[in-house]
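Engineer: Take a look at this one; I'll ask things after.
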Amino acid sequence: MSRKEKAVIIGGGISGKLAARVLSDFFQEVLIIERDQKPEGPLPRKCVPQGEHIHALLHAGESGLESLFPGITEKFYSSGAIKINSTKDLAWFHHGVWKLRFDGEYSIILQTRPHLEWHIEQYIKRIPNVTVQYNQSVQNFLYKEKENIIVGVEVVDRSGDTENILADLVVDASGVSGITSKWFEKLGIHIPETKAKIGLSYISRTFQLANNHDRDWAIKILYPNPPVEKIGGTISKVEGNRFLVTINGYHNVIDEKEILKNNTGFLELAKKLPKLDIYEEIKDAVPLSSTSIYRVPQIVWRQYQQVKHFPEGLLVIGDTLCRIDPVFGQGMSISVLEALALQRLFKNSDHSIKKLATTFHRQAARIISPIWNMVITEDFRYPETKGKKPLGLFIQQWYAKKIFLISSQNQYVYNSLYKVMNLIHPMTTLMHPRILKTVLKQTFVK
């Protein structure tokens, strides 16, 4: 594709920065419009309320991020991020059993989201044709209805002053409540959506733990055993020799007012986890932060690839496309995979931007589809979850549960599950004859 003049990206979060990195190779100028103020360090941002809670960069996401920003992984480590062996340093209580622990072939990074995003920001600053305009938001598209083409955006700053910015391509990376869906709604254009109401609450706090030479993990996950248990939690070592604790509860089971009422609220909540491990770690720990709350009432996948007459000059990416259940830690990695797909399209395409955007949305759907199916298979273990259930849900849940339980004792099965959950291998990996035979033997042979 010939080099275009200008691309505008709505939103300077992770997916927006990833899009900027990709498009900087194909446009003379890339402009990011960010409503938040300019960050002064690896600190939580006001417009990213989820930033104070645990985030995970899965193996596929880490690998893709390194390819987009060579050397960034080492930057993470040199500034305090923790490198762990994925199956040795993770203690994971899942569906009533502890996962098998062994010295595996993969590593992952433990760090806070602000730390990760700050380093991406530093790389973006060094790209000469990328500019970020802070404290501004996009309030409308510049749209030529007859040609069905978006030619730019209308931007407003904190003082209320507006500016029209022309662009060859506009990328909406503004998040789940972004401008594109609202704009389509005003035009009366239907966007096919798949939703699931999960009533999820995230409650987090950072601690300094006492030294303990017997602590043989860097991250511990206590996952609820549905449908009876609805509260789960994770404690993870992060940069600065701190431990971040996030407790999550499905279907509004957590009384948030009770948690915030006094200093013991978070500890009392930790007692409700499937195991007391996290409570025992933090009961005498020093709190380093206040308690943060983040809510995800529902997850949604907007399938823009199905919208007829999608306007030329517009592309949607990240949470603007799909907000996944954050408990499974796949959101950031999905954004990375989408950015890589966008990069491949621009490298290999001679088509117009209109055709390229349509193709991208289809490819993004292929990335999202198996991950979405994996997530809602688990979310629908709760009868309170409302939404369209996938075909064969009972069989999928039955088989997945068998895999989870076998992972507590069979290294091959757990390693295969790890690769699927980290988006290294496809779901079909878990249907390998060796695994299928193990599941059937565990089911029918007493």
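Engineer: Roughly what angle does helix 331-348 make with the longest principal axis of the chain, taking Cα atoms, 0 to 90 degrees, to the nearest 10?
Structural biologist: In the chain, helix 331-348 runs at an angle near 40 degrees to the longest axis.
Engineer: Please report, in whole Å³, the volume per residue of the convex hull around the C-alpha atoms of segment 194-350.
Structural biologist: Convex hull volume per residue, Cα atoms: 166 Å³.
Engineer: Can you tell me the orientation of helix 393-406 relative to the chain, as the angle in degrees between its alpha-carbon axis and the longest Cα principal axis, to the nearest 10?
Structural biologist: The two axes meet at around 50 degrees.
Engineer: Per DSSP H run of at least 4 residues, take -39500 (n - 2.57); add these up for the chain, divide by its residues and hand me the 222 nm value, nearest 500 deg cm²/dmol.
Structural biologist: -10000 deg cm²/dmol
Engineer: Another question about this same structure. Going by a ≥ b ≥ c, the root eigenvalues of the Cα gyration tensor, does segment 353-432 fall in the rounded group (a/c under 1.5), the prolate group (a/b larger than b/c) or the oblate group?
Structural biologist: Oblate, since a/c reaches 1.5 and b/c is not below a/b.
Engineer: If you line up the Cα atoms of segment 389-446 on their principal axes, what length do they span on each, largest first, in Å?
Structural biologist: The principal-axis extents, from largest down, are 32, 27, 19 Å.
Engineer: Next question, about the same structure. Can you tell me the relative contact order of the chain? Whole percent, Cα pairs under 8 Å, sequence separation 6 or more.
Structural biologist: Numbers: 866 pairs, mean separation 90.3, N = 446.
The value is 20 percent.
Engineer: Give me the dipole magnitude in Debye, nearest 20, for segment 115-199 about the Cα centre, with unit charges on the beta carbon: positive for Lys and Arg, negative for Asp and Glu.
Structural biologist: 240 debye
Engineer: Averaged per residue, what accessible surface does the chain expose to a 1.4 Å probe, in Å²?
Structural biologist: It amounts to 46 Å² per residue over the chain.
Engineer: Using the Kirkwood radius built from alpha carbon pairs, what does the Stokes-Einstein equation give as D for the chain at 10 °C and 1.306 mPa s, in µm² per second?
Structural biologist: For the chosen part, D equals 69 µm²/s.
Engineer: I want the local charge near HIS59. Using Cβ-Cβ distances under 15 Å, sum +1 for each Lys or Arg and -1 for each Asp or Glu among the other residues.
Structural biologist: -1
Engineer: Could you give the spread of the C-alpha atoms of segment 301-342 along their three principal axes, from largest to smallest, in whole angstroms?
Structural biologist: Computed over segment 301-342, the largest-to-smallest principal extents equal 35, 20, 11 Å.
Engineer: Right, another one. Leaving ligands, DNA and RNA out of it, report the carbon-plus-sulfur percent of the accessible area of segment 143-185 at a 1.4 Å probe.
Structural biologist: 43 percent
Engineer: Leaving out ligands, DNA and RNA, and with a 1.4 Å probe, what % of the accessible surface on segment 278-431 is carbon or sulfur?
Structural biologist: So the carbon and sulfur contribution to the accessible surface is 54 percent.
Engineer: Pick out, in residue order, every one of the trypsin sites (Lys or Arg not before Pro) in segment 231-273 that is DSSP loop and has at most 13 other C-beta atoms within 10 Å; say none if there are none. Don't skip to the answer; put the middle values down first.
Structural biologist: On the way: sites: LYS237, ARG242, LYS257, LYS261, LYS271, LYS272; in loops: LYS271, LYS272.
Counting only loop positions with at most 13 other Cβ atoms within 10 Å, the trypsin sites (Lys or Arg not before Pro) in segment 231-273 are LYS271.
Engineer: While we're looking at this one, here's another question. Only sites in a loop by DSSP and with at most 16 other Cβ atoms within 10 Å count here; which GluC sites (Glu not before Pro) in segment 123-183 make the cut?
Structural biologist: Passing both the DSSP loop test and the Cβ count: GLU145, GLU147.
Engineer: What order do you get for 68-79, 127-138, 205-216 when each peptide is scored by the mean count of other beta carbon atoms within 10 Å, highest first?
Structural biologist: By packing density, highest mean first, the sequence is 127-138, 68-79, 205-216.
Engineer: Please give the helix 411-421 orientation as an angle from the longest Cα principal axis of the chain, in degrees from 0 to 90, rounded to the nearest 10.
Structural biologist: Taking the Cα atoms of the chain, the angle to 411-421 is about 30 degrees.
Engineer: Can you sort CYS47, CYS322 by solvent-accessible area, 1.4 Å probe, largest first?
Structural biologist: CYS47, CYS322
Engineer: Now, a different point. On the full set of protein chains, 1.4 Å probe, figure out the accessible area of LYS355 and give it in Å² to the nearest 10.
Structural biologist: Counting only protein heavy atoms, LYS355 exposes about 120 Å² to solvent.
Engineer: Sticking with this structure for a sec: In square angstrom, rounded to the nearest 10, how much accessible surface does LYS195 have for a 1.4 Å probe?
Structural biologist: 90 Å²
Engineer: Please give the charge dipole size of the chain, origin at the Cα centre, charges +1 on K and R Cβ atoms and -1 on D and E Cβ atoms. Round to the nearest 20 debye.
Structural biologist: The dipole of the chain has a size of about 1360 debye.
The values are calculated or read from the model by the stated rules, or taken from the named source; none is laboratory data. Since this is a predicted model, take the numbers as computed values, not measurements. Cβ: placed from backbone, ideal geometry, glycine included. Neighbour counts: every protein chain shown. Just the protein is used for accessible areas: all its heavy atoms, side chains included, with ligands, DNA and RNA removed. Shrake-Rupley method; radii C 1.70, N 1.55, O 1.52, S 1.80 Å.
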